[in-house]
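One structure is given below, encoded as C-alpha cells.
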Amino acid sequence: MKFSLIIGTLNRTEQLKICLKQIDKQIYRDFEVIIVDQSNDNLTYEMVNNIKVGYKIKYFKSEIRGLSRARNIALRKADGKYFCLIDDDGYYFPDYLNIANNILENSDGKRILSGYIWDTKKQKEFVKYPNKALKRISIIKIMHICPSAALIIPYAAWEEIGGFDENFGIGGKFSAGEETDFLLYAIKNNYYIYYIPEIKLEHPILLKKKEKIPLLEQDNYKRILYMKGTGALISKHLIYEKNYILILVFIEMILKLLIKFLLNNKKNDYSKKQLTEMIKGFMEYRKERK
C-alpha cells in the first residue's frame with residue numbers, strides 16, 4: 001500500500017514547513033509527498049530543498065495558478081495506489097495514514113475515505129459531522145461533510161474520471177466545488193464513499209503574525225466564493241449530468257440562506273450576498289456551456 005500526499009501551495013512557506021514536519025510524524029511510512037508550488041518567489045523551493053524529513057518529496061513549479069490544476073500536475077507524477085489532498089496549511093494526526101491503510105488494505109479498490117477536520121481557528125469541527133462512521137455516503141451528505149483536505153481517493157478513480165475539472169477550485173473560474181465535482185463523477189463510476197471519524201486532521205495552521213484582513217471578513221469572503229462555486233457545481237451536475245437529486249440540495253441551500261437573511265437584521269450579514277452569488281454561479285456556468 002502506498003499513498004501520494006498531494007499539496008498545492010501558494011505563498012505559504014511557513015505554513016507548508018509546519019505541514020511537512022507534521023507529516024514526518026506519520027506512523028505509517030509508505031508514502032510520498034508531491035508539492036506543486038504556484039508561488040511568485042523561490043522561498044518555498046528553498047525551504048523544501050533544505051528541509052530534513054524522512055520521506056520522499058517531489059517538487060514542481062507551476063507558473064499558471066489554480067488548485068485543481070496543481071492537483072492534476074501532481075497526480076500525473078504520483079506513484080501511490082491512493083492519493084490524499086492535504087492542504088498546505090493543515091496537518092494530519094500521526095495515525096491518519098495508518099488507520100486509512102488498515103481500512104483499505106483488504107478493500108475492493110472502490111472505496112473513497114472522508115475524514116474529520118478540526119478547525120483550529122474557530123476551535124470547533126470544520127462542518128457538522130455525523131457521530132459515527134458512515135458507509136456509502138449519499139450525494140446530499142457529500143455536499144455537506146466531504147471537504148477535499150480529508151479525502152483519500154484511489155488513483156484509479158482519477159484516471160477513470162480524467163482528473164479534476166480545472167474550472168473549479170481556488171484559482172479557477174469558480175472558486176470552490178472541485179472535490180464535490182470529482183466525488184459525484186466517482187459515484188457515477190461505481191466508487192463509494194466512507195466517512196471515518198477516526199481519520200483526523202487539523203486546519204488551518206495558525207501563525208503568530210497578525211492577519212492583514214480581519215478573520216471574520218476572511219471567512220465571509222470565502223463563504224461568498226464558495227457559494228458561487230457551489231451554484232456552478234449544481235448547474236453542471238443537475239442540468240448537464242442529469243443528477244436530479246441536486247434539485248433537493250439547491251432548494252435546501254436557497255431556503256437556508258433566505259431564512260437566515262430574513263431573520264438577521266445585522267448590516268454585515270452576508271447571507272443575501274451568498275444567495276445572490278450562488279444563483280449567479282448557477283447561471284454563469286450555463287452561460288459558459290452555451
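Worth a mention:
- Residue count for the stretch 1-55, restricted to those that are in contact (Cβ under 8 Å) with a residue 40 or more places away in the chain and of a type in the set (S, T, N, Q): 6.
- Residue satisfying all of: in the stretch 181-225; among the acidic types (D, E) and at pLDDT 95 or above; most open to solvent (accessible area, probe 1.4 Å) among these: E198
Residue-wise test of (1) over 18 Å from Y226 (Cα atoms); (2) modelled with pLDDT of 90 or more.
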{"residue": "I245", "(1), (2)": "yes, yes"}
{"residue": "L248", "(1), (2)": "yes, yes"}
{"residue": "I254", "(1), (2)": "no, yes"}
{"residue": "K260", "(1), (2)": "no, no"}
{"residue": "L263", "(1), (2)": "yes, no"}
{"residue": "K273", "(1), (2)": "no, no"}
{"residue": "M283", "(1), (2)": "no, yes"}
{"residue": "R286", "(1), (2)": "no, yes"}
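- When residues in the stretch 110-158 are screened for being more than 21 Å from F93 (Cβ to Cβ) and open to solvent by 20 Å² or more (accessible area, probe 1.4 Å), 11 of them pass.
- Enumerated helices (runs of 4 or more DSSP H) restricted to the stretch 45-157, each holding at least 3 residues that are more than 23 Å from G171 (Cβ to Cβ): 96-104, 139-145
- E14 meets all of the listed conditions (1) touching a helix residue (DSSP H, G or I) at 6+ places or on another chain (Cβ under 7 Å); (2) closer than 21 Å to E202 by Cβ but one, namely (1).
- Among the residues of the stretch 226-242, those that are open to solvent by 30 Å² or more (accessible area, probe 1.4 Å) and out of contact with any Phe, Trp or Tyr (no Cβ under 7 Å at 6 or more places or on another chain) comprise Y226, I239, Y240, E241, K242.
- F164 satisfies every condition listed in (1) assigned to a loop (DSSP other than H, G, I, E, B); (2) out of contact with any Lys or Arg (no Cβ under 8 Å at 6 or more places or on another chain); (3) among the aromatic types (F, W, Y) except (2).
- The one condition in (1) more than 30 Å from I137 (Cβ to Cβ); (2) crowded, with 22+ Cβ neighbours inside 10 Å; (3) not polar (S, T, N, Q) that M47 fails to fulfil: (2)
- Test for S271: is it of a type in the set (S, T, N, Q), buried (at least 18 other Cβ atoms within 10 Å of the Cβ) and either within 17 Å of T180 (Cα to Cα) or touching a His at 6+ places or on another chain (Cβ under 7 Å) (or both): no
The values are calculated or read from the model by the stated rules, or taken from the named source; none is laboratory data. As the structure is a computational prediction, the values presented were derived from the model and not from experiment. We place every Cβ from the backbone using ideal geometry, glycine too, and count neighbours over all the protein chains shown. For the accessible areas, the whole protein counts, side chains as well, though only heavy atoms, and no ligand, DNA or RNA atoms are used. Shrake-Rupley method; radii C 1.70, N 1.55, O 1.52, S 1.80 Å.
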